[in-house]
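Note sheet for the following structure.
The values are calculated or read from the model by the stated rules, or taken from the named source; none is laboratory data. Fair warning: this is a prediction, and the values are worked out from it, not measured in the lab. Cβ atoms come from the backbone with ideal geometry, glycine included; neighbour counts cover every protein chain shown. Note: areas computed on protein heavy atoms with side chains; ligands, DNA, RNA excluded. Shrake-Rupley method; radii C 1.70, N 1.55, O 1.52, S 1.80 Å.
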Amino acid sequence: MTYSAQDIADFLAQNPAFFEEHADVFTAMRMPHPHSGQTISLVERQIFTLRERSREQEWRINELVRNAVASETISTRLTQWCAGLMSQTNPQHLPGAITLGLAEQFKIEHAALRLWNLPGLAADSGYAAGVSEDVRTFADSLKTPYCGNDTGFEAVSWLDAKPQSLALIALRPDEEGPSIGLLLLGSDDPARFDPDMGTMFLDTVARLSCAALKRLAEPAVG
């Protein structure tokens, strides 16, 4: 009668005391080393497996630590950017605080912002410069931020130079309402705004920007 490998595995699983009763078999067993042609004992193989698992766990822990540090850095910079918005006593300075603040805090090489339908924004502000109907329609259709390497959008002309990767963020006070602006963030790094990246951070930037810009929703007094 012949036994398959599964039969033997099932037997050992059903008889956990086997190696206690036959310790000589346990110590005499030899098996191939995972990375060489030599053979090692079962004990050595178990030690090797435990070391491999330990290295894997260490790698995962290090990855978690790196992610935690990165998240803390982003949180700190976002807080500093928000503090800059809240400290603006002149609402006319808010568009600049949004755009330049993001560029400074997050080391973004290119940034631009255009706003519309904000009666309190000074007409001579560069951020109120006219935009085409196509740009407004595009912003209205942009339900989530765009990230990618396509720099052929009309709004890219607002930047001081053509970036290698781009984020386009529509600003709208109400989720289903019309847009009031379009924020552009450009990088010289093609991978900075990857098409597959998550947009939660950019969504947060949009919401906070709109909250700050509510101070420009009413015509300026005086």
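Which residue, of ASP124, ASP189, is under 22 Å from ALA97 (Cβ atoms), open to solvent by 60 Å² or more (accessible area, probe 1.4 Å) and assigned to a loop (DSSP other than H, G, I, E, B)?
ASP124
Does VAL131 fit the bill of being touching a strand residue (DSSP E or B) at 6+ places or on another chain (Cβ under 6 Å), touching a residue at least 24 places away in the same chain (Cβ under 8 Å) and either surrounded by fewer than 20 Cβ atoms within 10 Å (Cβ to Cβ) or closer than 24 Å to GLN92 by Cβ (or both)?
Taking the combined requirement at face value, the residue satisfies it.
Could you run through region 139-171 and say how many residues are closer than 19 Å to PHE201 by Cβ, of a type in the set (Ser, Thr, Tyr) and either outside any strand (DSSP E or B) or open to solvent by less than 50 Å² (accessible area, probe 1.4 Å) (or both)?
Counting residues in region 139-171 that are closer than 19 Å to PHE201 by Cβ, of a type in the set (Ser, Thr, Tyr) and either outside any strand (DSSP E or B) or open to solvent by less than 50 Å² (accessible area, probe 1.4 Å) (or both) gives 2.
Let me spell it out: the conditions are (1) open to solvent by 70 Å² or more (accessible area, probe 1.4 Å); (2) without any contact (Cβ under 8 Å) to a residue 40 or more places away in the chain; (3) more than 24 Å from MET86 (Cβ to Cβ); (4) among the charged types (D, E, K, R), and ARG207 meets all of them except one. Which number is the exception?
(3)
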